[in-house]
Amino acid sequence: MASAAVDYSNKHPLQNTWTLWFDNPGKKTSAQSWADNLKEVISIENVEDFWSTFNNVCKINHLSPNSNFHLFKQGIRPEWEDPANAEGGKYGIQFPKNKAGDAINEHWMNLLLAVIGEQLDEEDEVCGAVVSVRKSFYRVALWTKTSKDEEKVEKISKQLREILNLPEEIVIEFVPHVDATAKVAAALASATLEEGATEPVALEEKPEASKEA
Ligand code: MGP
């Protein structure tokens with residue numbers, strides 16, 4: 001009996017189209033130049049595209065420090081400034097490199113499957129997912145649209161822990177993007193102040209007259 005031919009052209013669409021981005025600034029970069037390093041890699045519309053991409057891009061544990069992959073809903077840039085992210089925040093989970101090893105690939109895959117499979121109850125909240133390689137740790141993060149509703153933050157955090165099967169000792173840190181932006185702005189301001197401070201400090205030390213007082 002002849003078996004029915006399998007139609008491999010029949011792809012399985014995802015609920016949303018997703019864009020994969022990559023960046024590696026190489027060294028610490030300023031917030032202004034940060035966006036110049038972002039490179040759009042590919043758009044993913046169906047399950048088959050997802051797996052061919054996931055199986056062919058570099059494994060996370062083989063990436064050099066400072067690298068980031070970002071998978072965001074099409075139309076949302078993976079940056080704080082995008083209107084979809086501006087009011088939102090990041091649920092970040094860090095894994096020390098010496099403990100995680102290549103298990104980071106599985107954590108990243110589980111987060112990706114959760115977002116493209118729209119597994120979170122608050123699926124409309126989701127903007128994207130990020131994996132970051134730093135000197136001593138990896139970090140996976142979920143980016144969402146809102147940050148002010150504490151109950152929602154708590155709920156998403158709890159569900160994320162379940163989906164990623166994280167033990168209690170692993171912390172999920174939620175940071176509103178406005179706080180991240182403010183931190184960068186403060187660092188920039190203090191660096192500018194230090195630069196500008198060289199001259200006035202020298203002047204203040206100079207006057208002999210002050211000894212007269
Ligand atoms: P990061 O990768 O989010 O944080 O941002 P990490 O790795 O914890 O490093 P830290 O320096 O915050 O401890 C690293 C740097 O990249 C930030 O300080 C910004 O200068 C820049 N940056 C990161 N993001 C996600 C953005 C963004 O969305 N917009 C802008 N303008 N700069 C960003």
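A quick yes/no check of all residues on (1) in contact with an Asp or Glu (Cβ under 9 Å, 6 or more places away or on another chain); (2) in contact (Cβ under 8 Å) with a residue 60 or more places away in the chain:
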{"position": "94", "(1), (2)": "yes, yes"}
{"position": "107", "(1), (2)": "no, no"}
{"position": "110", "(1), (2)": "no, no"}
{"position": "119", "(1), (2)": "no, no"}
{"position": "126", "(1), (2)": "yes, no"}
{"position": "150", "(1), (2)": "no, no"}
{"position": "160", "(1), (2)": "no, yes"}
{"position": "165", "(1), (2)": "no, no"}
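Can you pull out every residue in region 66-99 that is part of a helix (DSSP H, G or I) and more than 9 Å from the ligand (Cβ to nearest atom)?
83, 84, 86, 97, 98, 99
Counting only residues that are surrounded by 14 or more Cβ atoms within 10 Å (Cβ to Cβ) and over 24 Å from residue 181 (Cβ atoms), how many does region 57-73 have?
4
Residue 174 - would you say it is within 24 Å of residue 17 (Cβ to Cβ), within 16 Å of the ligand (Cβ to nearest atom) and not in a helix (DSSP H, G or I)?
No.
When the residues of region 74-108 are narrowed to those that are surrounded by fewer than 17 Cβ atoms within 10 Å (Cβ to Cβ) and touching a helix residue (DSSP H, G or I) at 6+ places or on another chain (Cβ under 9 Å), which ends up farthest from residue 137 (Cα to Cα)?
Going through the qualifying residues, I end up with 75.
Examine region 129-146 for a residue that is more than 22 Å from residue 67 (Cβ to Cβ) and either of a type in the set (Val, Ile, Thr) or buried (at least 19 other Cβ atoms within 10 Å of the Cβ) (or both), and state whether such a residue exists.
Yes: region 129-146 contains one or more residues that are more than 22 Å from residue 67 (Cβ to Cβ) and either of a type in the set (Val, Ile, Thr) or buried (at least 19 other Cβ atoms within 10 Å of the Cβ) (or both).
Can you find even one residue in region 72-88 that is of a type in the set (Val, Ile, Thr) and touching a Cys at 6+ places or on another chain (Cβ under 7 Å)?
Yes, there is a match, as at least one residue in region 72-88 is of a type in the set (Val, Ile, Thr) and touching a Cys at 6+ places or on another chain (Cβ under 7 Å).
Values quoted throughout were computed directly from the atomic coordinates according to the rules given, and no laboratory measurement underlies them. It should be emphasised that the depicted structure is a prediction, and the values quoted were computed from it without experimental measurement. When we count neighbours, we look across all protein chains shown, and the Cβ atoms used for this are built from the backbone with ideal geometry, even at glycine.
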